[in-house]
Structure formats: C-alpha cells, structure tokens
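Inspection log for the structure reproduced underneath, given as structure tokens.
The values are calculated or read from the model by the stated rules, or taken from the named source; none is laboratory data. Note that the structure is a prediction, hence the values are computed from the model and not measured. Please note: Cβ atoms are built from the backbone with ideal geometry, for glycine as well, and neighbour counts cover all protein chains shown. Calculation scope for accessible area: heavy atoms of the full protein, side chains included, ligands and nucleic acids excluded. Shrake-Rupley method; radii C 1.70, N 1.55, O 1.52, S 1.80 Å.
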Amino acid sequence: MVARKIQEQHQPQIQPKKRIRHVRNPITIGEKAIVGLIAFVSFIVLAFMVNNFASLYTMNQENYRLEQTISQQKQVNEGLSLQVVELSAPDRILHIASEQLGMSLDDNKVKVVQN
C-alpha cells in the first residue's frame, strides 16, 4: 500500500484539458433579415387579399341592391303597361268622346286607310 502511494505521487497528475467552446448564435443576421422580409411580404400579400375580399363584398352588396331595384322597376313597368292597355280600349275612347266631349260617330265620314 505504501508502494502505491509512492507510485501515485511520482506519476504526474493528468489534468483534463478544458475545452473552449465557441457558442455560435444559431440564427445569423442574414437569416433574420430574410425572415423579416418574408414576414413583410406575407403581410403585404394578406393585406392585399383582405382589401380584395372587402371590395368584392361591397360589389356583391351593390349588385344585390341593384337587382332588387330592377325587379321593383319591372313590376312598376308591368303595372303601367296594364294601365295603358286598359286606357286605350276602343270602347272606353268611344264612351269618353260621346259622353264627355259631345262627339258623335258618323259612319259615312269614316275612312279606312290601308298600308
């Protein structure tokens, strides 16, 4: 045992070498710039898409409103067409001419014109 202690004292102590680690930043400045640029472009594209969807929604709303106005105007026009047909009936015109205006129909003075 004494011999071992003497032997241990004579052997030089081997100290482990300290490793110097260089801690490298995993993300470089160029990578950060690329990610920033991609984020900026993505934001611009998304803003453009939202703007287009908002414009599309507004156009669809206006289109729907115009279609409703057109259908209402068609109903008004149909009603007016019916009134024109009713008011231009020959019996009605003859009645108004004889009753209100005092005109009389003389068949001898009527001339028929053909095209």
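Tabulated data
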item	result
Any pair with Cβ under 9 angstrom, 6 or more apart, that starts in region 92-113 at a residue that is in contact (Cβ under 8 Å) with a residue 12 or more places away in the chain and ends at one that is in a loop (DSSP other than H, G, I, E, B)	none
Every residue from region 20-34 that is assigned to a loop (DSSP other than H, G, I, E, B) and small (Gly, Ala, Ser)	none
Selected residue [open to solvent by 100 Å² or more (accessible area, probe 1.4 Å), assigned to a helix (DSSP H, G or I) and among the aliphatic types (A, V, I, L, M)] from 101, 105, 37	37
Test result for residue 75, outside any loop (DSSP other than H, G, I, E, B), modelled with pLDDT of 95 or more and open to solvent by 100 Å² or more (accessible area, probe 1.4 Å)	yes
